[in-house]
1. Helix-only mean residue ellipticity at 222 nm, the chain, DSSP H runs n ≥ 4 weighted -39,500 (n - 2.57), per residue, nearest 500. What is it?
2. Considering only the range 7-223, what is the antiparallel percent among its DSSP beta bridges, to the nearest 5?
3. Quote the charge dipole size of the chain about the Cα centre in Debye, to the nearest 20; the model charges only the Cβ of Lys and Arg (+1) and of Asp and Glu (-1).
4. Taking the Cα centre of the range 177-272 as the origin, how large is its charge dipole in debye, to the nearest 20, when only Lys and Arg (+1) and Asp and Glu (-1) carry charge on their Cβ atoms?
5. Please say if the range 228-306 is rounded, prolate or oblate, where rounded means a/c under 1.5 for a ≥ b ≥ c the square roots of the C-alpha gyration tensor eigenvalues, and otherwise the choice is prolate for a/b larger than b/c and oblate otherwise?
6. How high is the relative contact order of the range 7-223, given as a whole-number percent (alpha carbon pairs under 8 Å, six or more residues apart)?
7. Antiparallel versus total DSSP beta bridges in the range 245-435: what percent is that, nearest 5?
8. Using the Cα centre of the chain as origin and beta-carbon charges of +1 (Lys, Arg) and -1 (Asp, Glu), tell me which of ALA318, GLY240, PHE20 is placed farthest towards the positive end of the dipole.
Amino acid sequence: MPERQSAREILALVCDASTFAELPYLEGRSEPDGPLAWPGYDASRARAADRTGEEESVVCGTASIGGTRAVLIAFEFGFLGGSLGRRTGDRLEAAYVHARAHRLPVVPLVATGGSRMQEGMLALAQLQRVARQSALTREAGLAQIAVLRDPTTGGGWATLGAGADVILALPGAQVGFAGSRVRPPDADPAAYTAEAQVAAGSADAVVRLEELRETLARWLRLLTTPADQAPPPEPLGATGLPATGWDAVRRARSPERPRARAYLDAYFAERVAISGDRCGGRDPEGMLCGFGTHEGRTVAYAAQTGAATRPAGYRTAARLIRLADRLGIPVLTLVDTPGAANDAEAERQGAGSAIAELFTAVATARTPVTTLLIGEGGSGGALALAAPGNTWATPDSYFSVIAPEMAAVILKRPPAEAESTANRLRIRPQDLAQLGVTRTERRM
């Protein structure tokens, strides 16, 4: 079992020195033994208070983390298992209201076993209250970055944890909707861990405790300092334009051509990644998403890597664009894929709906989206990531309705005509500019 920190200990670990100021709590007097008159409930709370020095299971306040002010919500697991009751709900609501009033991001430091049994359905109903406050804060364009401590289960995971924009977790933390006492007897305990949630795309990263303050500081800085726009990167590969369509295809497929990571390294001074589609999937080999610093300000990125993109990759990119849009952060997309993954598993994972989701995210984004075609642009699986009217192309790229070989098959031409088909499709960078598919500039 990982080491557990009290609410005050975790606050001391992540906050800049002497910056934490606890919020005032406006809590009414509760009925004897709570709303259900649960025998011994008052005595349990008194023992918890004596043991922890706290009057409730959360401590809420404001502080600076790496110089960025935020509202922090720290759970005290030693107080009745960090459970949520009506007074917990009062404190959580007040924290979110304060965040919106002062335009501050929210950082829940979660460690809870769920809702408080001694308050029954009134305790469970606090989850609706918390969900509403989180949604209002999201609508206000304020970031929420959750840290999952040990344990994070039940409603606390399903609201403050899983409902955050970015989800970090401490190593070995128990994380799952079902707590350890209510799981099936044959359940694999490894499935209820921070590492498993990251692997399933339900959390973004596992962060060691000694790196937590620095990591939170970086995320807070990036999500609160947006750039005005995302200028397209300079091309890193070939400079001369291809002579024929087939030349463009060969260039784009060359193993020597720079890929997404090279462009991201050149464009950003620093960057952090988000991971997973929050639907149980990841596509680390096909799509890279996150936020980075370009010329001192934040730009979001979604970059294809040259592999076939899987449904989880499209959903992660859509998640990234929606988050950037809410926070007013411009987006850079890098297009480079032979097309969407088209195997049977991709169909079972909802390839069509995932691509549709990304098309919609790009089409409805209010924040500026800039696209650079850096390699292969294969069909709708590439176009879904491209910004209408603001797509640029490098000299070693092409964009096509489908790969020339497949186009020949569809047109019932022999394989030998794939090259001539590529020429007729007008897929070279200069063709794309002439057709109005991409913008013209010295990058071509």
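Read the figures in this text as sums done on the coordinates, not as results from a lab. Since we're looking at a predicted model, the values are computed, not measured. Note: ideal-geometry Cβ built from the backbone for every residue, glycine included; neighbour counts use all protein chains shown.
1. Computed mean residue ellipticity for the chain: -10000 deg cm²/dmol.
2. In the range 7-223, DSSP labels about 40 percent of beta bridges as antiparallel.
3. So the magnitude is around 840 debye.
4. Using only the charged Cβ atoms, the result is roughly 200 debye.
5. oblate
6. Relative contact order, the range 7-223: 17 percent.
7. Bridges in the range 245-435 that DSSP calls antiparallel: roughly 45 percent.
8. GLY240
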